[in-house]
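The structure appears right after this line, and notes come after that.
The values are calculated or read from the model by the stated rules, or taken from the named source; none is laboratory data. Note that the structure is predicted; figures quoted are calculated from it, not measured. Every residue, glycine among them, receives a Cβ derived from its backbone with ideal geometry; neighbour counts consider all protein chains shown. To get the accessible areas, we keep the full protein, side chains included, count just its heavy atoms, and leave off ligands, DNA and RNA. Shrake-Rupley method; radii C 1.70, N 1.55, O 1.52, S 1.80 Å.
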Amino acid sequence: IAINPLDANVIIAATQRGLYQTNDGGTSWNPITITGIGAGSSAADVKWSKDGVNIFAAVGGNNKLVQSPNGGFTWTRITSTTNPGFPTQQGRIEIAIAPSNSNIVYISVATASGQTYGVYRTENAGDAVSTWASIGNKGPLFDPFGENGQGWYDNVIAVSPANPNRVYLGGVDF
């Protein structure tokens, strides 16, 4: 669940049946339609930037990252075709937006089979085209989802409230 920091009555929920939004504090809910994402596709995560402008969500079968740069009025899918450095392979995606700088966004990406794929960061999330950089790829010293493929479930990421360069990642093994 993500609450608009400028209006607590506006809430977006990521559910097994897609993204839903309420503008009246939860009295009524409406599905959010996103071009290129099947209606009713499950959603794994949704985050609203502290400035109330950008919203990111992970939706669809093997999660697809979508962004609303205008508080939920329009949505665009982020792809490697239009956003340099964005991962081409995606399973579950978890999102973290730096509270101290809304342009800094991190994503933790698992493969479709739940293995570790990588962690990515952008510093220009407010732009129509964001450039993403890999800051952690699966390797002998970095495999947070372990051999059991739990990245579809045990996958969490957060950013320090005071330092946008400090990110916390949780999985199975740490």
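Determine whether region 96-105 contains at least one residue that is in contact with a helix residue (DSSP H, G or I) (Cβ under 6 Å, 6 or more places away or on another chain) and either more than 24 Å from Ser49 (Cα to Cα) or surrounded by fewer than 17 Cβ atoms within 10 Å (Cβ to Cβ) (or both).
Scanning region 96-105, I find no residue that is in contact with a helix residue (DSSP H, G or I) (Cβ under 6 Å, 6 or more places away or on another chain) and either more than 24 Å from Ser49 (Cα to Cα) or surrounded by fewer than 17 Cβ atoms within 10 Å (Cβ to Cβ) (or both), so the answer is no.
Suppose the filter is buried (at least 21 other Cβ atoms within 10 Å of the Cβ), over 20 Å from Ile107 (Cα atoms) and of a type outside the set (Gly, Ala, Ser); does Ile32 pass it? In short, yes.
One line per residue, one yes/no per condition, for (1) at pLDDT 85 or above; (2) in a loop (DSSP other than H, G, I, E, B):
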residue	(1), (2)
Ile95	yes, no
Ser100	yes, yes
Ser113	yes, yes
Ser134	yes, no
Pro144	yes, yes
Asp154	yes, yes
Phe174	no, yes
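Considering (1) loosely packed, with under 14 Cβ neighbours inside 10 Å; (2) under 24 Å from Val156 (Cα atoms), the lone condition that Ala43 does not fulfil carries the number (1). So, in region 163-172, how many residues would count as being modelled with pLDDT under 95, more than 15 Å from the chain's Cα centre (by Cα) and open to solvent by 30 Å² or more (accessible area, probe 1.4 Å)? Total satisfying the criteria: 1. In the set Gly126, Gly149, Gly139, which member is surrounded by fewer than 17 Cβ atoms within 10 Å (Cβ to Cβ), free of Cβ contacts under 8 Å to residues at least 40 places away in the same chain and out of contact with any helix residue (DSSP H, G or I) (no Cβ under 8 Å at 6 or more places or on another chain)? One residue alone meets the criteria, Gly139. When you check Gly26 against the structure, is it in contact with a Gly (Cβ under 6 Å, 6 or more places away or on another chain) and open to solvent by less than 50 Å² (accessible area, probe 1.4 Å), yes or no? Judged against the criteria, Gly26 is not a match. Among the residues of region 106-123, those that are in contact with a Ser or Thr (Cβ under 8 Å, 6 or more places away or on another chain), farther than 27 Å from Asn4 by Cα and open to solvent by less than 10 Å² (accessible area, probe 1.4 Å) comprise Ala110, Gly118.
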